[in-house]
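Taking it in order: structure first as structure tokens, then the write-up.
The numbers here are math on the coordinates, done by the rules we state, and not lab data. If you're wondering where the values come from, they're calculated on a predicted model, not measured in any experiment. Note that we place each Cβ from the backbone using ideal geometry, even for glycine, and neighbour counts take in every protein chain shown.
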Amino acid sequence: MKSSFQQRSPPQPQDDSETDEECITERTHYPAFMIPDLFTQLPLVRDALVTSTSQTQDETVDTCLPYLAGEDELFMYNLHGVPNLDRERHIKFLHSSLGRLPGRFLAADASRPWFLYWALSALAIMGEDVSSYREALVDTARGMQNETGGFGGGGKQTSHIATTYAIVLALALVGGEDAFEVIDRKSLWSWLCELKQPDGGFQVFLGGEEDIRGAYCTAVIIRLLNLPLDLTPTSPAWTSDGTVDLFSGVGDYVRRCQTFEGGISGQPNAEAHGAYAFCALGALALLGDPRRTIPRYLDVPRLISWLSSRQYAPEAGFSGRTNKLVDGCYSHWVGGCFPLIEACLSSPGAPDQAAGHPANAVRLPPVPESLFSREGLIRYILCCCQDQSKRGGLRDKPGKMSDAYHSCYVLSGLSSAQHQWQLAPSGTEDDSTAATVDLVWTVLPYLDDVQVFDQKNLVRPIHPVYAIPLHSQQAIRSYFLAKEGF
Ligand code: FPP
Ligand code: K
Ligand code: ZN
């Protein structure tokens, strides 16, 4: 891949006036030099059957190619054919998304905690200090909390695991005691116990559907807030012998969500989707040392095969499921699975995987290099996912409007592509101890690849499990670890 470049030389100046400094700085783009053919040409082997699926796929390639080939008029491309991350515009877009929103957002009222997390997270990834939002967020979050535990989208709205997860992450992002103390941990814990089901999974709200989002969001909340794992006697999963806790059966629930394709579905016996792959890995990584829990419950080689199939050429971004289109948000949901898997496979002291899933009876080899094309994902993100107009923000693909959701997950994916995480050797075999929960994660910029972006485009690392910066995760967890009782 690296040897095959499209050799395009910059145009030679026609006369003297073309060479003066001013003319060059005014030019809106440079011809791309070093773009591997992989990202500018259709795949060599193509299925001849034309269907509506293949047609929309071809249209998507047509839409993306000019951006990937360095031909968009509004971008300034570097010699690799990659534009800069337009931080200034994205930051402006995200700050204004945290202000008053126009009336058409009324329909999204129940998702207000999400909008807060998405915008704050995107800003934090770009290095912005979001603590100035603390006071406003504390006020807003108070009004979203229900006495019965959990947070809804706003005053008097039903508590939902996803909005609770989003607001907890948002509070972690702004940080500080005032933000942490908003959360009524005792009622939150008893509400989670009500959501816990006898089959190991969680309902997403009382009486609502049970899916893998419930397992991941609950695990994140429990760990960040250092909640007890004990069940209340009124929990649907409670047993009198005291053997069942909030984490019992979660691993088996996740196992039942792995499909024949190798990917993960939202519930057992449904279609594999990238968003749920991230939830599955995240949930398992929070049960204990992910080097043991992931291979114990998942067929890792098949999962890696499915995850890898989500990255397309020439677009180089990820799709969420088989036969669907690339979309910037899967840079996180799918792309974000790789740093965690890579860390599990390559960190020194990784335990013998042969003890895990039967399919792993053959030990997985250590990963010598990236399990996905980081270069490709970075190209898709910087070339195709930036709104290059005044509006700013990041998007699904060219032709789509930018929004806070895509800004958050495109930037999270960029962070995953630019970094490499490692887990310190773990000394204990007991998954339930705090020692395995507080594993030591370290991160470095990813260096073993051709770096197609300029150094100033490096964004902040985000934690491969909690999807917030490491220091924010550590601050909230250590705050609640230091607390006795509720
Ligand atoms: C399909 O959308 C999308 C899904 C089936 C799952 C969406 C779920 C999430 C993005 C997040 C879940 C995680 C948490 C932590 C709450 P589509 O049909 O519009 O898109 P597609 O064509 O790309 O599949
Ligand atoms: K989509
Ligand atoms: Zn999307």
Checklist entry - Using a ≥ b ≥ c from the Cα gyration tensor of the range 222-269 (square roots of the eigenvalues), is it rounded, prolate or oblate, where a/c under 1.5 gives rounded and otherwise the larger of a/b and b/c decides, a/b for prolate? => result prolate
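If the viscosity is 0.692 mPa s and the temperature 37 °C, what Stokes-Einstein diffusion coefficient in µm²/s follows for the chain when Rh is the Kirkwood radius over Cα pairs?
The estimated diffusion coefficient comes to 140 µm²/s.
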Checklist entry - Which of the chymotrypsin sites (Phe, Trp or Tyr not before Pro) across the range 221-302 are loop residues per DSSP, with 15 or fewer other Cβ within 10 Å? => result Phe260
Next on the checklist: Quick check on the chain: helices-only [θ] at 222 nm, where DSSP H runs of length 4 and up contribute -39,500 (n - 2.57) each and the sum goes over total residues. Nearest 500, please.
Outcome noted: -12000 deg cm²/dmol
Checklist entry - Quick one: helix 404-418 against the long Cα principal axis of the chain, what's the angle to the nearest 10°, folded into 0 to 90? => result 80
Checklist outcome for this item: To the nearest 10 degrees, the tilt of helix 112-125 (Cα long axis) against the first principal axis of the alpha carbons of the chain is 60
Checklist entry - For the range 44-150, what does the alpha-carbon gyration tensor say about shape, rounded, prolate or oblate, given a ≥ b ≥ c as the root eigenvalues, a/c under 1.5 as rounded, and a/b over b/c as prolate? => result oblate
Checklist entry - Which residue, chosen from Val459, Thr51, Gln258, occupies the Cα position most advanced towards the positive end of the dipole of the chain, where the dipole is computed from +1 (Lys, Arg) and -1 (Asp, Glu) charges on Cβ about the Cα centre? => result Gln258
Item to check | the chain, relative contact order in percent, only Cα pairs under 8 angstrom and at least six apart counted | outcome: 16
Item to check | Set of lysines near Lys400 by C-alpha distance (under 30 Å), chain-local residues within fewer than 8 positions excluded | outcome: Lys92, Lys324, Lys390, Lys456
Checklist entry - Using the Karplus equation 6.51 cos²θ - 1.76 cosθ + 1.60 (θ = phi - 60°), what ³J(HN,Hα) coupling, rounded to whole Hz, does each residue of the range 76-89 give in order, writing x for Gly and Pro? => result 9, 8, 8, 5, 8, x, 10, x, 6, 6, 7, 3, 4, 5
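As an exercise, identify the trypsin sites (Lys or Arg not before Pro) in the range 128-224 lying in DSSP coil whose Cβ has no more than 15 other Cβ atoms within 10 Å.
Here the sparse-neighbourhood loop sites are Lys156.
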Checklist entry - Can you flag which of Lys186/Lys397; Lys196/Lys397; Lys156/Lys483 are past 32 Å Cα-Cα? => result Lys186/Lys397; Lys196/Lys397
Item to check | Cβ-placed point charges (K, R +1; D, E -1), dipole of the chain about Cα centre in debye, nearest 20 | outcome: 800
Checklist entry - Out of Ser240, Ala424, Gln474, whose Cα points farthest toward the positive end of the dipole of the chain (charges: +1 Lys, Arg; -1 Asp, Glu; placed on Cβ)? => result Ser240
